[in-house]
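Here is the structure we will look at, set down as structure tokens.
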Amino acid sequence: MRRLLSYLLLLALISALIESSICHGASIEDSIKNVYSRLAEAEKAGADVHDAALKLEKALELARQARENPENGSLLLAEAEKLVNEVNSSIPLLIETGQKRIFWRNVEIASAASLIAVSVFFTYYYGPRIFWGTWLRIRSRWIVEVSGRSGREAGKRDRR
Amino acid sequence: MIDDEVKAVVLAIIIVAGVFAVAQLATSGRVVEPFSALGLLGPEKKIGDYPKEVLANQTINLYLFVDNHEGRVMYYVIYAKLGNKSTVINENVSASAPILDTYEVILPHGENATIPVSIKIPKPYTNARLIFEMWVYDPENRSVSYYGRWVQLWLNVTSPQIP
């Protein structure tokens, strides 16, 4: 009777372990999906999620390997869970960095637009002055001679 | 010193160039035509050398190529299904056939993955269609939906001969 009880206990323990392992496997997949949803939201908010997504992909691969190799399952699942937690905890920072990046990008676009507007103004008002000033400077060393009736008689009209 | 018309032309050129430059800056990095790709590769990870005749319960080794150019991170779910001549599948309708295996992959924009596939078909089958469908996980609805991409491989599955 005692032996039967101990067998039953052992059986219950084994089934509980198997069940917990299966549940753990299912829960890691659920948490990957949850973190993916958060990551997609973060990307919409401007975060660069490239590296985080690759980490999540690695976690997904580990979860699959854990399903296929139950003997190393717990180890692989622990590693996957670590990666998922890592990605999950990095999301607020990713959003913050992304928002900063968007802000500076808008600043860049606004500055470029302003710079172009200012350059249009300067070109319109000072362009001709600068052009003729440069033209005169380039030709300042030219010697102008009064030519005869034809250019051939007078030789060269001007020399630099 | 410069004619007003010339000034106006120069001004117009500068304004057009300026607007173009700002538009380029504002739209840089934006994906114009988003798409996802699904490809089936042979056992040598190349397009070709696909098996045509296999034995029942023989492992069929193939590779799936998934490419993300959607401009956002994607969670792909690929279902391997076993269909036949009459199985209906198109861009809008997924195949109503038994699922042999499922492959999941998360890809950020611009990344691709080559997934090894090992599938066994348990019974002999003439003109079997090994169909791979691309589904995506939608984070808003928290469910997967058919994405309209699919590839297939026609196979004849024969029973192993007993000597």
Original post:
Using θ = phi - 60° and the Karplus form 6.51 cos²θ - 1.76 cosθ + 1.60, what ³J(HN,Hα) does each residue of region A:124-137 get, whole Hz, x for Gly and Pro?
Top reply: 5, 8, 9, x, x, 4, 5, 4, 6, x, 5, 4, 5, 5
**OP:** Please tell me which of these pairs span more than 22 angstrom C-alpha to C-alpha: A:Lys55/B:Lys46; B:Lys45/B:Lys85; A:Lys55/B:Lys120; B:Lys52/B:Lys81?
**Re:** A:Lys55/B:Lys46; B:Lys45/B:Lys85; A:Lys55/B:Lys120
Original post:
Quick one: buried accessible area between A and B, total over both chains, 1.4 angstrom probe, nearest 100 Å²?
Top reply: 2800
Original post:
Out of B:Arg149, B:Arg30, B:Arg129, any idea which swings most in a Gaussian network model of chain B, alpha carbons joined below 10 Å?
Top reply: B:Arg30
**OP:** Classify the protein assembly as shown as rounded, prolate or oblate from the Cα gyration tensor: take a ≥ b ≥ c as the square roots of its eigenvalues, call it rounded if a/c is under 1.5, otherwise prolate when a/b beats b/c and oblate if not.
**Re:** prolate
**OP:** Express in Å², to the nearest 10, the accessible area of A:Ile138 obtained by rolling a 1.4 Å probe over the protein heavy atoms while all chains stay in place.
**Re:** 100
Subject >> Charge dipole magnitude, Cβ of K and R +1, D and E -1 - region B:19-125, Cα centre, debye nearest 20 >> reply: 280
**OP:** With θ set to phi - 60°, apply the Karplus curve 6.51 cos²θ - 1.76 cosθ + 1.60 along region A:65-76 and write out the HN-Hα couplings as whole Hz, x wherever there is a Gly or Pro.
**Re:** 4, 5, 5, 7, 10, x, 5, 9, x, 5, 5, 5
Subject >> Prolate/oblate/rounded call for region A:20-138, Cα gyration tensor, a/c under 1.5 rounded >> reply: prolate
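Would you please classify the overall shape of chain B from the alpha carbon gyration tensor, given that a ≥ b ≥ c denote the square roots of the eigenvalues, rounded means a/c under 1.5, and beyond that prolate means a/b larger than b/c while oblate covers the rest?
prolate
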**OP:** Give me the percent of the accessible area of the protein assembly as shown that comes from carbon and sulfur atoms, probe 1.4 Å, all protein chains in place.
**Re:** 58
Subject >> In order through region B:36-42: 3J(HN,Hα) via Karplus (6.51 cos²θ - 1.76 cosθ + 1.60), integer Hz, x for Gly, Pro >> reply: 10, 10, 10, x, 10, 10, x
Subject >> region B:103-150: Rg to Rh, with Rh as the Kirkwood radius over Cα pairs >> reply: 1.06
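Of all GluC sites (Glu not before Pro) in region A:83-153, which ones are in loop regions per DSSP and have a Cβ with at most 15 other Cβ atoms within 10 Å?
Numbers: sites: A:Glu86, A:Glu96, A:Glu108, A:Glu145, A:Glu153; in loops: A:Glu145.
Passing both the DSSP loop test and the Cβ count: A:Glu145.
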Original post:
Under 17 Å from a point 7 Å along the Cα-to-Cβ line of B:Lys85: which residues of region B:100-136 have their amide N that close?
Top reply: B:125-130
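The values are calculated or read from the model by the stated rules, or taken from the named source; none is laboratory data. For clarity, every value in this text was computed on a predicted model and none was experimentally measured. When we count neighbours, we look across all protein chains shown, and the Cβ atoms used for this are built from the backbone with ideal geometry, even at glycine. For accessibility, only protein heavy atoms count, side chains too; no ligands or nucleic acids. Shrake-Rupley method; radii C 1.70, N 1.55, O 1.52, S 1.80 Å.
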